[in-house]
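The values are calculated or read from the model by the stated rules, or taken from the named source; none is laboratory data. Note that the coordinates shown come from a computational prediction; the quantities given were computed from them, not determined experimentally. Every residue, glycine as well, gets a Cβ built from its backbone with ideal geometry; the counts of neighbours run over all protein chains shown.
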Amino acid sequence: MDIDYPPLSPLQTGLRCRCPRCGQGRMFDGFLTLRKRCEACGLDYSFADPADGPAFFVICFACIPSVLLGVWLEVAFSAPVWVQFLLTGPFMLATCIPPLRPLKGWLVASQYFYKAEEGKLVRLPATETPHSAS
């Protein structure tokens, strides 16, 4: 049974953690563990390799407010260490953990949508060189 699926936005399917092909099946088994395949359309998720992408984006964008909060507490109030742990710790967890799953879903959906795959070396025939002029 070969079904043509309309192209779905990687942003919509990824952030909702749904299958990038059908938009129905769930993408994850646990919090960040990808399923082997879509429960609705059977898409094999073996193509997906987001690697450290979600963590990179979280570190770049979500950790900055946490550091700024800690610095502001120190400069403005000379806050003791226990106050820093009490305020910046939960703030850091709240800004760093929740975005990981939707970011990973978006990266997997983008890999599917743009047909991303591992790069391959291409050998030129012996008569051609990369810099030869016509």
For this session: Might you check whether a residue that is closer than 30 Å to C19 by Cα, aliphatic (A, V, I, L, M) and at pLDDT 95 or above occurs anywhere in region 111-125?
Result: no
For this session: Just give me the residues in region 19-67 being at pLDDT 95 or above, small (G, A, S) and within 17 Å of Y114 (Cα to Cα), in sequence order.
Result: G23
For this session: Search region 92-112 for residues that are touching a residue at least 12 places away in the same chain (Cβ under 8 Å) and pair each with any residue that is part of a helix (DSSP H, G or I) and buried (at least 21 other Cβ atoms within 10 Å of the Cβ) when their beta-carbon atoms are under 6 Å apart and the residues are at least 6 apart or on different chains.
Result: G105/G14; W106/G14; A109/T13; A109/G14
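Can V58 be described as farther than 13 Å from Q111 by Cα, among the β-branched types (V, I, T) and in contact (Cβ under 8 Å) with a residue 24 or more places away in the chain? Step through it out loud before you land on a result.
Numbers: farther than 13 Å from Q111 by Cα: yes; among the β-branched types (V, I, T): yes; in contact (Cβ under 8 Å) with a residue 24 or more places away in the chain: yes.
Yes, satisfied.
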